1. Segment 54-78 to segment 244-275: how many Å between their Cα centroids?
2. Setting aside same-chain residues fewer than 8 positions from K86, which aspartates and glutamates have a Cα under 18 Å from its Cα?
3. Pairs K115/K217; K107/K166; K69/K230: which are spaced more than 25 Å apart, C-alpha to C-alpha?
4. Determine which aspartates and glutamates satisfy two conditions relative to K269: a Cα distance under 13 Å, and not lying fewer than 8 residues away in the same chain.
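Every read-out reported here was derived from the displayed coordinates using simple, explicitly stated rules and does not represent laboratory data. Model, not experiment: these values are computed from the prediction.
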Amino acid sequence: MDARAAARLRTVLGHLGRLEPRDVVAHPTSGTVSPTSFHPQQFQFTLDNSILSLEQRQFYEENGYLVIKNLVSDEDIQRFRDEFGKICRKEVKLDRLVIMKDVSISKLQLAPSEKVVTKIQDFQEDPELFRYCTLPQILKYVECFTGPNIMAMHTMLINKPPDTGKKTSRHPLHQDLHYFPCGPSNLIVCAWTAMEHIDRNNGCLVVLPGTHKGSLKPHDYPKWEGGVNKMYHGIQDYDENSARVHLVMEKGDTVFFHPLLIHGSGRNKTQGFRKVGIPIAAPIGKDGCVSCSATPYGYDGLKPKNP
Ligand SMILES: CCCCCCCCCC(=O)SCCNC(=O)CCNC(=O)[C@H](O)C(C)(C)COP(=O)(O)OP(=O)(O)OC[C@H]1O[C@@H](n2cnc3c(N)ncnc32)[C@H](O)[C@@H]1OP(=O)(O)O
Ligand SMILES: Nc1ncnc2c1ncn2[C@@H]1O[C@H](COP(=O)(O)OP(=O)(O)OP(=O)(O)O)[C@@H](O)[C@H]1O
Ligand SMILES: O=C(O)CCC(=O)C(=O)O
Ligand SMILES: [Fe+2]
Ligand SMILES: [Mg+2]
């Protein structure tokens, strides 16, 4: 994006001011930004940029997600795996890190290892893992949705365990915006990178294309017999007829998706631990998230600020 386009985007963000979370809920598609004159009405969910092809833009506009193949190198993924292993074995300790175990094993006293950690959240203080959020090729695409001043709102690495038979390794269908009252929603994007081959066997991402055009729906715990992980809320009343699309991805492929896109993941029927790094959401206004000024997850400075 050139400097003039960036300046216009900042102006738009400035006019939007600081929304209350309920405003984001009531007007989830507020904040539509068409900062340049190329296609003023045509595009609602992507910013004008020279990175995405017309087909890619149209795909994201229509479907709410976009898979970019082979975006993160094997070498980087290996480094993230190594660091994750150290965290699980407690060789690296981080104050604010949240470590989650699958509910099916949460009450067992198990020795620290990668086999008992289902997910880590808030790794922004770990320089090695946080490199993911600063990879130029990730930021290049993130910028197509957020504009040039980018902040990581949340960081995660998911290590989906082999299902114990209770189906607790599933992640119910949800919208990420449910978890963070950030906005404008169209300027938020989540990046999800496969750290290995992922398909329906080990629990790939499942999306309901086009649902990013809808509103934020009520979420609650699904009524699953085997139990549900803490905070794994699901949408109760989605359209049963919507087509579910299973995203089969290779190591290093990254899917960028809108925070209102309904998505989830199935159970892991293999004996491996399915790793994805690292969903981040990366919105930012000029001085922080434009709707929730202070967020404990906010982490600034991924790219030099535009003057
Ligand atoms: C716009 C931005 C978009 C950003 C996108 C991000 C979207 C995010 C979508 C999600 O990922 S939703 C899921 C988010 N999940 C969480 O936030 C869970 C975070 N994890 C935690 O809070 C802790 O890991 C947890 C409380 C579950 C465990 O913490 P501890 O290890 O300190 O707890 P401990 O082992 O002492 O257990 C405390 C209690 O929690 C229970 N527990 C542990 N793991 C559990 C689990 N997995 N599920 C349910 N309960 C669990 C455990 O049995 C125990 O119950 P009791 O009090 O009855 O003894
Ligand atoms: N029939 C369904 N209708 C709506 N949502 C579903 C349905 N089946 C599964 N889901 C949701 O979609 C997510 C992905 O499910 P998916 O069907 O891919 O995996 P699975 O049921 O674990 O395994 P399988 O590949 O055997 O179907 C699940 O976590 C669940 O929340
Ligand atoms: O990789 C997965 O299982 C999906 C996780 C997810 O959507 C989330 O944590 O918000
Ligand atoms: Fe999610
Ligand atoms: Mg199924």
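1. First find each Cα centre; the distance between them is then 13 Å.
2. Filter leaves E75, D76, D95, E114, D122, E125, D126, E128.
3. In this structure, K115/K217; K69/K230 exceed 25 Å between Cα atoms.
4. D163, D199
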